[in-house]
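The structure appears below as structure tokens.
The values are calculated or read from the model by the stated rules, or taken from the named source; none is laboratory data. Source: prediction; values computed, not measured. Cβ atoms come from the backbone with ideal geometry, glycine included; neighbour counts cover every protein chain shown.
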Amino acid sequence: MAAFGWRINERNKIQIEAGALKANDGGGHNYYTPGSNNTDLDYFAVPLLASYSFYIPLGTQKRWEVRVGPAAGLYMMKVDAGAPHNSGSRHVKSNDTDSTFAYGAGTGVTWHISKHLYLDAGYRYLRTGETDYTLFDRKVKFDAMDTHTLNVSVGWKF
């Protein structure tokens, strides 16, 4: 993930975030060859989010903060499928991309190491809508997803 934001004042920040997530389900689906369980799916997701954070300073030196806030935006996902052909002698591929709305909220703790450098640890819940794909000329629908993310990041304030 990469984020670019603006600290409006001591307690408020807005930012734009973009990321990339890649996963594989390990196979075991029969999207292509009926009766076969050997279709392999690869997922590549790109969330593009706008978020707001409300900060609560801790201590008199304000080196520590707790933050909380919502996020919303676009969640794009590409699905690549691979399966053996009916003859078994070659491998065929299919892919499709869909986008959906995503929203959620997060919380975390920030430690300001210096005037410009900080360390942040946080949690985010994100809900995505349903997505539809056509793989090997068949419609495949993915239900809405709930994601839970823990992260640790280093930031630089200009």
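Of all residues in the range 113-140, those satisfying the criterion of being within 14 Å of Ala81 (Cα to Cα) and among the basic types (Lys, Arg) are Arg138, Lys139. Mind listing whichever residues of the range 7-43 are assigned to a loop (DSSP other than H, G, I, E, B), at pLDDT 75 or above and over 16 Å from the mean Cα position of the chain (by Cα)? Once the filter is applied, which keeps residues that are assigned to a loop (DSSP other than H, G, I, E, B), at pLDDT 75 or above and over 16 Å from the mean Cα position of the chain (by Cα), the range 7-43 yields Ile8, Asn9, Glu10, Arg11, Asp25.
Checking each residue in the range 82-137 for being surrounded by 12 or more Cβ atoms within 10 Å (Cβ to Cβ), more than 30 Å from Thr60 (Cα to Cα) and more than 20 Å from the chain's Cα centre (by Cα) picks out Gly82, Ala83, Pro84, Asn86, Val92, Lys93, Ser94, Thr134, Leu135, Phe136. Pairs meeting the criteria (first residue in the range 1-29 and under 17 Å from Thr39 (Cα atoms) and charged (D, E, K, R), second residue at pLDDT below 90 and in a strand (DSSP E or B), beta carbons under 9 Å, at least 6 apart or on different chains) are Asp25/Asp40; Asp25/Leu41.
May I ask you to list the residues in the range 100-126 that are assigned to a strand (DSSP E or B) and among the hydrophobic types (A, V, I, L, M, F, W, C)?
Within the range 100-126, the subset assigned to a strand (DSSP E or B) is 100-112, 117-126.
Residues satisfying the conditions are Phe101, Ala102, Ala105, Val109, Trp111, Leu117, Leu119, Ala121, Leu126.
Just a yes or no: is a residue in the range 91-98 under 26 Å from Ile8 (Cβ atoms) and in a strand (DSSP E or B)?
Initial filter on the range 91-98 (under 26 Å from Ile8 (Cβ atoms)): none.
There is no residue in the range 91-98 that is under 26 Å from Ile8 (Cβ atoms) and in a strand (DSSP E or B).
Does the range 146-157 contain any residue that is buried (at least 17 other Cβ atoms within 10 Å of the Cβ), over 12 Å from the mean Cα position of the chain (by Cα) and in a strand (DSSP E or B)?
Here is the first cut: in the range 146-157, the residues buried (at least 17 other Cβ atoms within 10 Å of the Cβ) are none.
No, the conditions are met nowhere in the range 146-157.
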